[in-house]
Structure formats: structure tokens, C-alpha cells
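**Student:** One structure follows; several queries about it will come next.
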Protein chains: 2
Amino acid sequence: MPSTIKDIRDETGLSLATISKYLNGGNVLPKNKEKIEAAVEKLHYQVNEIARGLVTNSTRTVGVSVFDVTDVFNGIILHEIGLQLSHLGYGMLIVDSSNDQTREEKNIRFLVNKKVDGIISLPVAGSSAVLNPAFAADIPVVLLDRQYRDRSLDSITLNNREAAAGAVNYLIESGHKKIAVICARKEYTGHERYEGFKSAMENAGLEIRKEYVLDGNHSMEHGYNAMHKILKLHDRPTAVLSTNYGINLGVVMALNEAQVSYPEDISVVGFDNLMLSNVLKTQLTVMEQPMERFGQKGVEILMQRINEKKENNGSLEHDGHINIVLSSRMHMGGSVKKI
Amino acid sequence: MPSTIKDIRDETGLSLATISKYLNGGNVLPKNKEKIEAAVEKLHYQVNEIARGLVTNSTRTVGVSVFDVTDVFNGIILHEIGLQLSHLGYGMLIVDSSNDQTREEKNIRFLVNKKVDGIISLPVAGSSAVLNPAFAADIPVVLLDRQYRDRSLDSITLNNREAAAGAVNYLIESGHKKIAVICARKEYTGHERYEGFKSAMENAGLEIRKEYVLDGNHSMEHGYNAMHKILKLHDRPTAVLSTNYGINLGVVMALNEAQVSYPEDISVVGFDNLMLSNVLKTQLTVMEQPMERFGQKGVEILMQRINEKKENNGSLEHDGHINIVLSSRMHMGGSVKKI
DNA sequence: TTCGGATTCTGAATGGTTACAATCCTGTTT
DNA sequence: AAACAGGATTGTAACCATTCAGAATCCGAA
């Protein structure tokens, strides 16, 4: 039903090659250019991307694998990636692993089958072996937010350790010594941030008390429960570091519910603001991630790899990997008291 | 680099047609079956979906257009759609409109260009004209969550009016007469829910006071500000209806901050629970949407249309449209006081 | 031998791109 | 003025990986 390049040929009397050339930005005589344009207009012609993809061996589509679509963080990054890609005329095929590595493996295989030009992965974690099908097919991959411990790959991550350490140092400078952390050590970023917390405490010669380390996962629920536990301690810390947005939310809810106010009764430093910031009477002091930069840089590096591959005639090899480490910045709220 | 069906031919000595037939489930002699399987194994052959798509004129990909990827509601629905599609061997091409109709129009065009087999749209709103390219290309479309006012299309929606009316009736049965609503009348679901509120009030012969209708958008911020406004009224309502999850969040935060407790000081009925439910000491009574059903039904109806189209060999015509209206159910929390 | 069902093969088709050959055109040389 | 060089434009035909009618072949039974 939709018109093809052959209809344009019949309409203009030109050859397929000439039309194709013009459609791809080549030079043709002015009068032919007009003929083609008129025919395209008249027949509502649109290039068939599938057919084009078959011969050029490229789909102008990148696969994006996320560990959890329902996560706000993922949402924001997807948004930015989609924006960047659409500027470049690329589409994105999104697959969701629901934090399940088996699913992730299937998803990667699926993307490879769909012949995506590249893959951006916000990995579940675990082993980089899930990416093997992509490597076997010479499809460039860029990691976002998390890295693998067993293999070095192109990646964009946050300076998680420095960020957490910075937050802790700020608390220390403000006079705090008894500092608790609500964290998720088994998650990649959670682990890194805990390590940052730890080294800052150690550098300052401060004790890390066992009951001040509330380990769980990056969720509102964990933040809420952990904060309640902290409030019940006979020897309360004077400050708390929350290592994730979900945890922030839970912390604030628990504080409100217990009618404990910050920074008067306890100081809080969190990670990421998002919509929370619009609502609180006293804004939280948080380490902010440059969310949009994740998406932008991810697309940028991936495109670089895709182009390199084209120049190498399809072979994907380069020496070494690009690891971009984004800086967080401290957003000053009013949730830390000087003591 | 990856092996093609021709490599299988060279390996087995069979013809392309026979191999293709077997690969698509046809009958071949046992010895040939073995040969093919061995060759496939040896060469790691995978069908090239692009080439197959070119000739079968189907991509086994559906386009999903969402009004905002960063919205939790969208995230959950995407998750479910992805799950269903992957069971069927379909992929999803997600495009994000950021609540911008111009972008939505571009996105639809993009999906059409990518030759998706069908489109599921959680529309921004406005005019159904944005879908014209899809109709022109005979691509089936199913609407989720929202409908257009200017054209009837296949859709899955919630019984928004009944849901809101049910919530209000429950408040009325509990003895409330002064009921406020925090809503978003310019959004599709918000409008419907407000209408439900209105008719329930009118049926009960209750007055809708202007200062009890807090109109804005479906956001935490609006819920927060509106609740604060309500608390400042000299003649406070005894109950509040929140028409959206974001609003719920803001309402709870405002109440906590003002140290007004529910249901003692004021009763609250909301929409949707999500992670909020894990956290509150007193759970909110809410109208719950069957989120997963949106995704499931959406995929189901779309597949039905795709198959109908195949049977009609390529023509997309059917008499009438399917409108599935999902029922919400009331989740009893403890946020409503009998008075 | 013939018939007929099952299987296999041939070759066209899908909608484009692209290397290379052919043609056109203009300006320069003889 | 004719011949020619050479760059720009156009056309021819192969190719991409697959599917699918329809023709050809095979094989066992009658």
C-alpha cells in the first residue's frame, strides 16, 4: 500500500540509483531534484527503514536495557536518552529486566537479534557474561550508572565514593561525630557509597558503630524502617546519611510521623532531590547526580563507538575503554545543623 | 560476519527454501532436519529479523507511546506491557512525549516509519489527529488510560467516574457532608474523576463549595499546596478526596508537616497506593487501579487487531471499537472516620 | 507402469543501496 | 572548428537475507 522508491521512479522517469542518491543527500541536477521532491510529496513517499537497514546493515535503533522501568531514576535517564537519540534520528528499543538477571540475559539476546546498532545498559549487576551475545555480534555497549567487577567496559558512572565522602566530610565539618548511614551495600552504587562513607569516617578517625549502619536496599521502605530504628536507639546519632532517593523519602516520612524535626533534632544528608524538593518546608541537603548528563554522555560515547566501528568497516576493536565519572554536587538545603 | 541461511545451505547442501521452511516449522525429512540442526548449531545461525521483516512485512515489534516516561504510573504499565509482549516474542519500541503534543506527533510518525506492527498509546491528550499517520499506514492502535473526545478508538480505561463517585459515597455513608476534592480537571482522568465527585455530591444533595475544589495538576506539589490551603480554611472540610497518587503523596506530607493526623482530624480518600502503602503508620483508604490489567488488556486487544488485519490480508477495518473499562476497587485503609 | 502425496528446488519478490560503467557537459587544446 | 580531457551526473545490475508460489522430483503403493 505505501508507495516505494519504484513509484517515484515511475513518476519521475529517473533511475532508482539517482533517486536513492538524492534521498541520501547526494547531488543531482536542480530539475531532477524538483521532480523527485514533487513525486515524494505527491505520493507521500517515506523510505522503508527495514529495507534500507537490510542493505546498510544498520537499523538506526539502539537498545536500552534497564534494570527496572518502574524506578524513577531509570525513568529520568530513559527520558534523556530518548531525547538525545531522537535528535540523531535514532530510535530506542527498551527492555526491562525487573532486577532479574535471567531476564536481562534474554533481553540482551533479544536486542542482538533485533540488530540494534548499539546497546546502552543500566545493568542489573552480577556478571558481565550477560553481554556476551552483544560482543559476539560486535555490537558496541555502554554501561550507565553501574559497572561490572569482572570486566572493564565503556561506562558512565557517578563518583559515588567521593560523593558519599563529601557528604560525610560536610557533616564532620559541621561538628558531627556520631553519624549513621542508611545504605544498600549489596547494590552497586550502594556499595560504593558505603565505602565512601567508611573512608571519610576512618580518615577523620571517627568510629563506625555497628548500630549506626542500617543496611538494606534502595527503597522508601528501608529508609522508613531504618530511620525508625535509629530514632529508637538509646544513644542516637546526631546525623544521618541516606544513600538514595527512595531512602530519603522514607526517612522524611518517618521523621514527620515521629514528629522529630530536622535539623533541630537530627541532621540529614541525602542523595538526589527530584520531586521531593518541591514539597518540603525545610529542604534536604543532598548530593545531586547530574541525571541528564548520564543520558547525554551515554549516547555520546555509544555514537562514538558506532562511528568508529563504521570506519573500521564493521570491526569493533579499540584499545582500552572509556570510563566517564560524573561529579555530583552538593545541594545546600537546611537539613544540617552546626554543632 | 554473522552466518546467514546461505551458510546453512553450503553446509547442508539443501536449498534455501527447504531450510527456510524447516526454520518456520515446516516438515522436512528426518535426515535433513538433523543436518540443518547440526549446521545451525555449528555456525551459531540466527534468523535475520530484518530480512524476514522485509518480506513478511511485519517486524514483530510494537510501538508504545507514553505521555511521560518519568511518571511512575507509566513505568508500571510499561513494565507489564513489556512482559506480555516478550512472552509473545514481540519487542517494544518506546517513545516518550514529555507531555508535549508536538513531540507526540513526531513520535507517532517515527513509529510508523519503523513499521511497527501496532501501537499502544498512553496519549498526551488533545486531538486524535496525531495518530493520523498510523491510520494512513493501516497500523492498529490501542489507547490506554485516556481517550480522545473527538474520535472513538479501541481503548482500555478505568471507570474513573464510578471510582471517584464510589469514594465520595463511602465518605457520605461515613457521615461526611463537608467534602473537599484535590483534583486536576484539565487532565483526562482528572476531569473524569472530578465529574464522578460532582455527581455523587449532587445525588446526595450536598453542596460543592468553591473553596473545597482545589484544581491543579496531578502532582505531589499540587497535593501539598492544596492540602495546606485546606488546612488554613476557617471552615475546614471533614474529608478530602485526592484524585491521584502524586496528590496523595503531597497530602500526606502536608498533613505530617502540619501535625494534623488522619483520620482523627480529617478523613482522606486517595487514588492508588504504590510504594506509599509500605510506609504509612495508618494506611490510606484508596481507590486502586488494576495497573497490570491495563498492560495485559492493552496487549491482548492490540494482538487481536494485528491478527484480524493479517486475516483480512493487510486491511485494517472492523465495525466499531472495543472500549474496555476496568473497575477500580476500594482498598480499605484507616484514613476515614465515621462521624 | 502409473498415480499421488510428500518433499525439495527454482526463481521471483521484498524495497532499498552502491560499485562501476556510461553518458553528459563544459572548457581547453590543437 | 573539431577533438579531447575530465568532472559531474545518471544508469545498470548486483546485492542484502529472507519468504513463498509453483514447478520438479522422489518414493512407495496399487
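The values are calculated or read from the model by the stated rules, or taken from the named source; none is laboratory data. All values derive from a computational prediction rather than experimental measurement. When we count neighbours, we look across all protein chains shown, and the Cβ atoms used for this are built from the backbone with ideal geometry, even at glycine.
**Student:** Among the residues of region B:255-270, which ones are modelled with pLDDT under 95 and in contact with a Phe, Trp or Tyr (Cβ under 8 Å, 6 or more places away or on another chain)?
**Tutor:** Passing the criteria: only B:255.
**Student:** When the residues of region A:50-61 are filtered to those that are in contact with a helix residue (DSSP H, G or I) (Cβ under 6 Å, 6 or more places away or on another chain) and buried (at least 20 other Cβ atoms within 10 Å of the Cβ), which remaining residue is farthest from the other protein chains (Cβ to nearest Cβ)?
**Tutor:** Result: A:59.
**Student:** A further question on this structure: Could you check, for region A:214-234, whether at least one of its residues is in contact with a Lys or Arg (Cβ under 7 Å, 6 or more places away or on another chain), among the hydrophobic types (A, V, I, L, M, F, W, C) and surrounded by fewer than 20 Cβ atoms within 10 Å (Cβ to Cβ)?
**Tutor:** Taking every residue of region A:214-234 in turn, none turns out to be in contact with a Lys or Arg (Cβ under 7 Å, 6 or more places away or on another chain), among the hydrophobic types (A, V, I, L, M, F, W, C) and surrounded by fewer than 20 Cβ atoms within 10 Å (Cβ to Cβ).
**Student:** Filter region B:5-49 for residues that are among the polar types (S, T, N, Q) and either within 14 Å of chain A (Cβ to nearest Cβ) or within 7 Å of DNA strand D (Cβ to nearest atom) (or both) and give the result.
**Tutor:** Selection gives B:20, B:24, B:46, B:48.
**Student:** Now a separate question. Has region B:260-274 got at least one residue that is within 11 Å of chain A (Cβ to nearest Cβ) and closer than 25 Å to residue A:71 by Cα?
**Tutor:** So far as region B:260-274 goes, yes, one or more of its residues are within 11 Å of chain A (Cβ to nearest Cβ) and closer than 25 Å to residue A:71 by Cα.
**Student:** Any residue at all in region B:63-77 that is at the interface with chain A (Cβ under 10 Å from one of its Cβ atoms), over 27 Å from residue B:276 (Cα atoms) and either hydroxyl-bearing (Ser, Thr, Tyr) or in contact with a Lys or Arg (Cβ under 8 Å, 6 or more places away or on another chain) (or both)?
**Tutor:** yes
**Student:** Here is a further query. So for region A:174-184 (the condition being over 21 Å from residue A:217 (Cβ atoms) and touching a His at 6+ places or on another chain (Cβ under 9 Å)), does at least one residue qualify?
**Tutor:** No: region A:174-184 contains no residue that is over 21 Å from residue A:217 (Cβ atoms) and touching a His at 6+ places or on another chain (Cβ under 9 Å).
**Student:** Name every residue in region B:245-291 that is under 19 Å from the mean Cα position of the chain (by Cα) and free of Cβ contacts under 8 Å to residues at least 12 places away in the same chain, in order of residue number.
**Tutor:** Scanning region B:245-291 gives a single hit, B:275.
**Student:** Let me ask something additional. Among the helices (runs of 4 or more DSSP H) lying completely within region B:10-58, list those that include at least 2 residues that are under 30 Å from residue A:58 (Cβ atoms), more than 11 Å from DNA strand C (Cβ to nearest atom) and touching a residue at least 24 places away in the same chain (Cβ under 8 Å).
**Tutor:** Result: B:30-43.
**Student:** Does residue B:64 satisfy being within 16 Å of DNA strand C (Cβ to nearest atom), outside any helix (DSSP H, G or I) and not polar (S, T, N, Q)?
**Tutor:** No; evaluated as a whole, the condition is false for this residue.
**Student:** In addition: Quick check on region A:312-323. Is at least one of its residues outside the structural domain of residue A:238 (by TED's automatic domain parsing) and assigned to a strand (DSSP E or B)?
**Tutor:** Taking every residue of region A:312-323 in turn, at least one turns out to be outside the structural domain of residue A:238 (by TED's automatic domain parsing) and assigned to a strand (DSSP E or B).
**Student:** Which residues, taken from region B:86-101, are assigned to a helix (DSSP H, G or I) and either more than 12 Å from every other protein chain (Cβ to nearest Cβ) or small (Gly, Ala, Ser) (or both)?
**Tutor:** Within region B:86-101, B:86, B:101 meet the criteria.
**Student:** Follow-up question, since we're still on this one. Taking the condition of being at pLDDT 95 or above and among the charged types (D, E, K, R), how many residues in region A:316-333 meet it?
**Tutor:** Within region A:316-333, residues that are at pLDDT 95 or above and among the charged types (D, E, K, R) number 0.
**Student:** Are there any pairs, at least 6 apart or on different chains, whose C-beta atoms fall under 7 Å, with the first in region B:73-93 and within 19 Å of residue B:115 (Cβ to Cβ) and the second charged (D, E, K, R), and if so, which?
**Tutor:** Qualifying pairs under 7 Å: B:89/B:60; B:90/B:60; B:91/A:114; B:91/B:60; B:93/B:114.
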